[in-house]
Each structure stands twice: as C-alpha cells, then as structure tokens.
1. If I take every Cα pair under 8 Å that is 6 or more residues apart in the stretch 73-180, average their sequence separation and divide by the length, what percent do I get for the relative contact order?
2. For residue 108, list the aspartates and glutamates whose Cα falls under 14 Å from its own Cα; do not include residues on the same chain fewer than 8 positions away.
3. What residue among 32, 227, 66 has the largest mean-square fluctuation in a Gaussian network model of the chain, using Cα springs under 10 Å?
4. As I understand it, the dipole of the chain uses +1 on the Cβ of Lys and Arg and -1 on the Cβ of Asp and Glu, about the Cα centre. Which of 284, 211, 41 lies farthest toward its positive end?
5. For residue 223, enumerate residues with amide H under 5 Å from its amide H, sequence gap 5+ or separate chain, H modeled in the peptide plane.
6. Note down the net charge around residue 206, summing +1 for each Lys or Arg and -1 for each Asp or Glu among other residues with Cβ under 15 Å from its Cβ.
7. Grab the Cα-Cα distance for residue 109 and residue 188, subtract it from 0.36 nm times how many residues apart they are, and report the gain in nm with one decimal.
8. Please build a GNM for the chain, connecting alpha carbons under 10 Å apart, and tell me which residue among 192, 135, 31 fluctuates the most.
Amino acid sequence: VGHLLNATVKTKIETHPCYSKQAHQYARLHLPVAPACNIQCNYCNRKFDCSNESRPGVVSKLLDVPQAIKRFTSVKSKLANLSVVGIAGPGDALANPDATFQTLKEIKRISPETQLCISTNGLALEEHVDTLKNLGVEHLTITINCIDPEIGAQIYPWVFYHHKRLRGIQASEVLISRQLAGLKAASKAGMLVKINTVLMPGINDEHIETLAKSLKANGALLHNIMPLIAEKEHGTFFGINEHPAPTDNDIQQAQSVSSVHMAQMTHCKQCRADAVGLLDDDQSKLFQQPDRYRIA
Ligand code: CLF
Ligand code: SF4
C-alpha cells in the first residue's frame with residue numbers, strides 16, 4: 001500500500017508491527033480490559049480470548065483500568081521499542097466502552113507518542129467513531145467474516161443490539177450492516193482500518209472475493225485472513241464440537257483472491273489479549289501479571 005499513501009500515514013504504518021511486516025522491530029502491548037461481548041460467534045465459547053483478534057485457547061488475566069495503566073508504565077519503562085498499545089479483548093473492546101476509553105485516554109495523556117489500536121467485531125463501532133477519533137485512536141481492526149446474512153447465520157447464533165437479542169438471519173443482517181457502516185465512518189474519519197476475516201472452510205471460503213470488493217469499496221486499508229482454529233474447546237460449530245481448519249494452502253488461495261482488491265497482511269500471529277513484545281517473540285511470560293488479576 002506504501003506508494004499510495006501520504007507521508008504521515010506512511011509513518012503510522014511503518015511503526016506499527018501489524019500494519020507493516022517491515023515494522024517487526026516495534027513492540028505492541030495488549031491490555032485485557034474488555035471482558036464482555038455483544039455477539040456470539042460459533043467458534044468462540046467465551047472461556048477464552050476473543051478469537052477475532054487474539055489467540056483462542058488462552059485465558060488472559062483481566063485488568064481493571066488502574067492495573068492496565070500500571071502495566072503500561074512498567075512495560076514501557078522496560079521496552080524502548082514499544083510503539084503500540086492495543087485493546088483486543090478478551091471480549092470486544094467496544095462492548096466495554098468505559099474501560100476501553102478510560103484506558104486509552106490515560107495512556108495518551110501520559111504518553112502522547114504511543115499509537116493506540118483497537119480491535120472490534122464492529123457492532124458498536126459507528127456510534128463510537130467520534131470518541132475514538134478524539135481519543136487519538138488511529139489504528140482500528142474490524143473482524144468481518146462475510147457480508148451475506150445467509151452465511152452470517154451460520155457463524156453468529158445471536159447478536160445483542162439496542163437491548164434486544166436478535167437471532168438467525170436478522171442477527172446477521174444487523175451485524176453486517178453495522179460493520180459496514182462502522183468501517184465507512186472510521187475510514188472517512190481518517191483511521192487506518194484493517195479487516196480480520198476468519199477463514200472457515202465450507203462457510204465463507206467461496207465468499208472472499210465478494211467480501212474483499214466490498215471492504216475496498218467501504219474504505220478498508222488492509223485485509224488479514226486468519227485460519228479458524230478448529231479445536232474442540234474453542235467453540236461449538238453447528239452444535240458439534242469440531243469444524244475443519246483451513247490448510248496453509250487454503251489461506252494462501254484466499255489471500256490471493258482477496259489481493260486483487262485489497263492489500264494483504266500475511267504475518268499475523270493471532271496473539272493473546274495480553275500479548276506484549278515483538279510479534280515474532282512474544283514476551284508475555286517475561287511480564288507476567290500477578291495471579292490475583294486472573295478472572296475466575
Ligand atoms: Fe494488537 Fe491487533 Fe492492534 Fe496488532 S495484534 S490490536 S492490530 S496491536 Fe496483529 Fe496480533 Fe494479528 Fe492482531 S499479529 S492478532 S493483527
Ligand atoms: Fe467471542 Fe470475539 Fe466473537 Fe465475541 S467477537 S463471540 S469474544 S470471538
């Protein structure tokens with residue numbers, strides 16, 4: 001994407017390890033302050049991190065806002081190359097707006113040069129775009145798995161929107177229309193929007209071209225196609241416990257189909273909601289949090 005962008009945007013991409021493979025020397029820190037979620041994905045059983053962005057099968061230790069700030073200051077003092085702070089769960093950043101916004105606001109106050117990043121399923125995005133913009137969030141990821149509600153109905157059993165639990169096709173219609181409206185609004189506001197798509201063989205693998213075209217048309221910058229992690233404990237696809245994971249070849253094929261329309265991210269590590277350090281060398285173990293932060 002480099003040649004199409006102005007200098008400021010270029011710098012923001014070149015110092016963010018997820019947006020640019022060449023930025024691998026920069027570290028990111030995830031602060032797990034967002035436990036709740038406003039939708040249900042069939043590949044997620046809620047005992048683990050949000051599989052939209054983070055590594056499923058891992059339970060991150062939840063932090064409250066003061067604990068998160070403390071963690072940021074401590075990590076920042078030890079990692080000179082820390083360039084990005086992200087909120088990626090363990091649920092959805094925007095289903096926990098108070099904790100997410102308070103954390104981001106405080107980090108920007110104490111460290112204006114830190115780039116802020118969030119990851120969301122997009123259901124509650126459009127209404128929060130102005131707030132995110134004002135807080136200084138410039139990197140935003142939305143997980144969009146399809147734009148066809150019939151496909152969506154196989155992925156999302158329910159969506160909780162405006163105090164109502166929606167199910168079936170209706171749930172997906174609302175989710176998809178909110179995701180695209182959020183994407184449009186965020187890119188219009190100048191945010192660098194990356195889309196994560198979980199590739200699910202037999203569900204959305206034939207849909208990648210249609211999806212990529214629409215993402216492009218709505219202003220997305222980058223497409224990150226990630227494999228479904230198909231182990232029993234992560235979810236209950238169709239009420240059964242397992243669904244086939246895509247092969248490396250399936251992923252490459254989907255990336256090549258999407259690449260006609262969208263720039264690709266191909267170095268995603270599907271990291272934890274409490275990840276810290278370089279993408280290639282996660283240092284969460286070095287920066288372990290006390291056990292009393294652990295969620296039950
Ligand atoms: Fe974190 Fe995500 Fe921001 Fe990166 S991760 S919130 S954009 S700072 Fe990166 Fe990790 Fe892949 Fe995410 S490698 S899971 S894409
Ligand atoms: Fe789970 Fe994330 Fe889907 Fe919410 S958006 S149900 S936390 S995978």
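1. Numbers: 136 pairs, mean separation 25.1, N = 108.
Value for the stretch 73-180: 23 percent.
2. Qualifying aspartates and glutamates at Cα under 14 Å: 138.
3. Sorting by GNM fluctuation, first place goes to 66.
4. In the chain, that residue is 284.
5. 195, 263, 264, 265
6. Numbers: positive: 213; negative: 148, 150, 205, 209, 250.
Once positives and negatives cancel, what remains is -4.
7. Working: separation 79, 0.36 × 79 = 28.44 nm, distance 2.51 nm.
Additional length available on full extension: 25.9 nm.
8. Between 192, 135, 31, it is 135 that shows the largest mean-square fluctuation.
Readers should treat all values here as calculations from the given coordinates under stated rules, not as data from a laboratory. Since the structure is predicted, the reported quantities are computational estimates derived from the model, not experimental observations. Ideal geometry is used to build each Cβ from the backbone, glycine not excepted, and the neighbour counts take in all protein chains shown.
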